[in-house]
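For reference, the structure discussed in these notes is given below.
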Amino acid sequence: MEEFAQAVGLSRPTVSKFFQDPMSVRPKTRARIEAVLKKSGFRPNLFAVNLNRRRSKIIGLIIPDPTDPFYMTLAQRVETEATNAGYLALVLSSNGRPEIEARAIETITALNVAGALIAPLGETSHRAQLKSLARETPLIFVDAPLDEDGPFVGTDNHQTIPLITEYLCRSGEPPTYLEMPRTNRNSSDRRAAYTATMDRLGLEPCYAGVPASDWDFERVAFEETARILREGGFATRTVLCPNDRMALGVLAAMYEAGLKVGYGPDCDYRVAGHDNQRFSAYTAPPLTTVAQDCDEMGRVAVRMLLDHIAGDDQVAGGQKILLAGALVLRKSA
């Protein structure tokens with residue numbers, strides 16, 4: 001930067017001001033810098049610049065699975081909102097493994113990020129490391145909380161699961177709940193919400209499958225459904241999946257078994273999910289589910305993080321925002 005400033009014939013603070021916001025310098029100065037930029041090809045090292053700042057213009061985002069449509073959409077919204085606010089979003093993935101999550105946390109700490117959004121692994125997360133990060137860096141948990149402490153933005157499972165459960169009960173046989181792998185807090189929250197809803201309706205909760213600790217939801221659901229069908233089938237003709245990726249595995253296993261899924265007397269089973277991921281409208285048959293507002297989750301999370309960075313005591317004190325979902329009826333149930 002010093003050498004470039006000398007080449008332009010301007011002070012380093014003026015050149016630095018240009019790189020932070022080109023419109024903040026006079027037009028003649030801007031044209032002068034841009035001419036030398038075009039000739040030299042110089043660009044400042046963004047990460048080095050941020051390491052030198054007391055507070056950088058980078059926001060970190062750690063997600064559990066970069067191939068999951070939900071997290072892909074969330075990351076896209078966070079990047080858009082961060083860019084609009086003048087920040088760079090650095091997206092890292094833990095790939096469902098606690099040791100990779102730990103390295104991702106170390107990376108964003110070393111880069112002196114302004115703040116971070118983290119969708120934690122939950123039961124296998126390095127809690128002490130995350131707590132330490134939260135003491136030094138503004139931090140918001142998204143999608144699933146780490147525990148009862150700390151700011152959080154997510155879906156209200158105790159609104160969405162009752163919504164789909166009640167619909168399934170009044171429109172046909174009560175649902176059997178297919179156990180979700182023990183990944184983050186959503187697995188226990190959604191199970192508890194299903195149990196509470198069935199109890200409130202005066203119905204016996206019914207569970208199927210063996211909980212795993214695996215982020216490969218489609219495979220887990222496919223293998224469990226195939227096993228259950230070989231052993232006589234589900235207890236009821238309706239299956240509720242805690243997420244749409246599991247429903248995809250259930251639909252595939254039922255198709256392989258020659259069963260018909262849908263709403264009607266000629267159908268063997270009804271299948272419903274949760275999330276309304278992008279593929280849900282294009283399964284065979286299209287999947288009845290509950291829509292999470294992923295775009296709104298990303299927008300609210302970035303807004304909360306920026307407030308946290310600015311010193312908002314309410315956010316720092318553990319503000320929690322739970323978003324409602326909407327029932328999406330399709331041919332599977």
*Test for residue 195: is it part of a helix (DSSP H, G or I), under 18 Å from residue 269 (Cα atoms), more than 23 Å from the chain's Cα centre (by Cα) and not small (Gly, Ala, Ser)*: no
*Positions within the range 86-103 being in contact with a Gly (Cβ under 8 Å, 6 or more places away or on another chain) and of a type in the set (D, E, K, R), in sequence order*: none
*Restricted to the range 121-144, and to residues that are touching a Pro at 6+ places or on another chain (Cβ under 8 Å) and modelled with pLDDT of 80 or more, which residue is nearest to residue 182 (Cα to Cα)?*
121
*Output the number of the condition that residue 112 fails; it satisfies all remaining conditions of (1) open to solvent by 30 Å² or more (accessible area, probe 1.4 Å); (2) in contact with a helix residue (DSSP H, G or I) (Cβ under 8 Å, 6 or more places away or on another chain); (3) at negative phi.*
(3)
_Of residues in the range 154-198 being touching a Leu at 6+ places or on another chain (Cβ under 8 Å) and hydroxyl-bearing (Ser, Thr, Tyr), the one most open to solvent (accessible area, probe 1.4 Å)_ = 167
*Filter the range 106-132 for residues that are out of contact with any Ser or Thr (no Cβ under 9 Å at 6 or more places or on another chain) and of a type in the set (A, V, I, L, M, F, W, C) and give the result.*
110, 117, 128, 130
_Step by step: first the residues of the range 176-225, then only those that are hydroxyl-bearing (Ser, Thr, Tyr) and modelled with pLDDT under 95, then the one that is farthest from residue 147 (Cα to Cα). Which residue is that?_
213
*Can you name every residue in the range 79-92 that is over 16 Å from residue 108 (Cα atoms) and crowded, with 20+ Cβ neighbours inside 10 Å?*
81
*Kindly indicate whether any position in the range 49-58 is modelled with pLDDT of 90 or more and within 30 Å of residue 304 (Cα to Cα).*
yes
*Report, by residue number, each residue of the range 209-225 that is surrounded by 24 or more Cβ atoms within 10 Å (Cβ to Cβ) and of a type in the set (A, V, I, L, M, F, W, C).*
221
*Which one is farthest from residue 146 (Cα to Cα) among residues in the range 61-110 that are of a type in the set (Val, Ile, Thr) and in a strand (DSSP E or B)?*
91
*Given (1) touching a strand residue (DSSP E or B) at 6+ places or on another chain (Cβ under 6 Å); (2) outside any helix (DSSP H, G or I), number of the condition residue 174 does not satisfy*: (1)
*Identify all residues within the range 122-138 that are under 16 Å from residue 60 (Cβ atoms) and either in a loop (DSSP other than H, G, I, E, B) or within 15 Å of the chain's Cα centre (by Cα) (or both); write none if there are none.*
125, 126, 137, 138
*Applying the selection to the range 100-117, what residues are under 21 Å from residue 81 (Cα atoms) and among the polar types (S, T, N, Q)?*
112
*If you check every pair at least six apart or on different chains, which have Cβ atoms under 6 Å apart with a residue in the range 54-75 that is over 11 Å from residue 89 (Cα atoms) and surrounded by fewer than 24 Cβ atoms within 10 Å (Cβ to Cβ) first and a residue that is modelled with pLDDT of 90 or more and of a type in the set (Lys, Arg) second?*
69/278
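The values are calculated or read from the model by the stated rules, or taken from the named source; none is laboratory data. Predicted model, so just to flag it, every value in this text is computed and none were measured. When we count neighbours, we look across all protein chains shown, and the Cβ atoms used for this are built from the backbone with ideal geometry, even at glycine. Ligands, DNA and RNA are excluded from the accessible area calculation, which covers all protein heavy atoms including side chains. Shrake-Rupley method; radii C 1.70, N 1.55, O 1.52, S 1.80 Å.
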